[in-house]
Structures are given as structure tokens and as C-alpha cells.
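J.: The structure's right below; bear with me while I get my questions together.
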Amino acid sequence: MKRLVCFLAIVMLMAIPISAVAALIGTGELKIYASPPTGGGYYLDYDADMQLFGNTTLGLEVFCVSRENAAVNTWAGYSFYTIPDVLKVAAWIADNWTYWGTDDTTKGEAQKAIWDVTDVMHIVEGDGLDLTILNTANNKDLSKYDFSGWMWAANPADGVGGLQDYLVPVSPVPEPATMLLLGTGLIGLAGIGRKKLRKA
């Protein structure tokens, strides 16, 4: 019984993030689609298909967070991480851009704000929605904000570099670690119940 309790305690501790740095979630692939609107000569709307943990999710709204060339209509290997401190303001924008609207133009304004906070490029205008989004994000206290709905997809995971990194929403598919934790908990409860039945 003591071994089971120790095992469950270790599994629970492994499931709790203990640092603010990015932790590897897993490796997979993204297929990126860049489209208008444009700003400063760059596409501002990025969508993606994702393959992660053996599941494919189509049509995700994603945001670019690096300067490299985009991988358009090509599956490419990525490592997926939790959101590091340096990307928290950008992840907040990605999580909340629909507050200002749900169309591609609004998403493009959010992308410009994200590029500004990540130092990719500074094409935010002196007034307008992109500046409003940027100022709102920079004034937020993010110390207790839940970033679990987003991942940082960093290339390369397949040895082929030079592709942009993205903020990607977490797919609703359960993570293997979550399923492992749930499974071991159920096994533990079954073992305790069985032991009680033997005593009766």
C-alpha cells in the first residue's frame, strides 16, 4: 500500500509544472497556411493543421512569433512547449484577440501586436486597433493567468530549420500524462476498494 501511495504521489508531482520556463509537451508536425490581410508586406493571418500525439487537428488559428520564413502548405516537424515567460504577453493576445472581433482583419491587428512584443518587427501604427491590443496586453498582470490553452511550436523537430515558430492552441485531445494520472488513480481506488472487501 505504501508503494502505491508513493507511486501516486510521484506521478502527481510530475504532472505539476515546477518552473516558469518552457517544458516540452511533445513533438509533432504543423502545416501552415498564410493568407491576407497583409501589413508591411507580410501576411497577417496564419492558420494551421496539427499532428500531435497521433491525432490530427485541422483549421487552428495560430500566431507567428519569429522572423524565419513560413512553411506554407508543407508538413514540417515541430517541438511543442508550454508557454515560456518571454511569450506570455503574446500568448495573452492570442488567447484574447476575439474580444475585439472575430474576423481576419482583427486577427491581423493582433498578429502585428504579437510581432511587436516578441521583437519580430515593429509595424504597429500610431493609432488603431493594433495599438489598442498592444497597450491592453502590456498593461495586464499576467502573474496568475492560465496559459494552458496555448503551446509554443518551435521548429525544427526534424532537423530542418529556418521555419517560423508559432503560438498554437492546445487541441482538446487528452494528453497522455493526464490519461496516465487518471488511470493510476482509478487503479489505486480499485485496489483500496478490493482490500476493504477482503476485510469485510
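J.: Which of V124, V72 has the fewest other C-beta atoms within 10 Å, and how do the rest follow up to the most?
T.: Ranked by crowding around the Cβ, least crowded first: V72, V124.
J.: Another question, if that's okay. Calculate log10 I(q)/I(0) of the range 94-133 for q = 0.16, 0.20, 0.34 Å⁻¹, where I(q) comes from the Debye formula with a single equal point scatterer on each Cα and nothing for solvent.
T.: Treating every Cα as an identical point scatterer, log10 I(q)/I(0) equals -0.32, -0.51, -1.21.
J.: Return K144, K88 ranked ascending by Cβ neighbour count within 10 Å, so the fewest neighbours appear first.
T.: Fewest-to-most ranking of K144, K88: K144, K88.
J.: Hey, got a sec? Which GluC sites (Glu not before Pro) in the range 58-157 land in a DSSP loop and have at most 16 other Cβ atoms within 10 Å?
T.: Listed in order of number, the matching sites are E68, E125.
J.: Sorted from fewest to most neighbouring beta carbons within 10 Å, what does the list K140, K112 look like?
T.: K140, K112
J.: Here's something else I'd like to know. Of C64, N155, G54, whose Cα points farthest to the positive end of the dipole of the range 53-158 (charges on the beta-carbon: +1 Lys, Arg; -1 Asp, Glu; origin at the Cα centre)?
T.: In the range 53-158, that residue is G54.
Quick note: the coordinates plus some simple rules give every number you see, no bench work behind them. Bear in mind the structure is a predicted one, so any value in this text is a computation, not a measurement. As a convention, Cβ positions derive from the backbone with ideal geometry for all residues, glycine included, and neighbour counts pool all protein chains shown.
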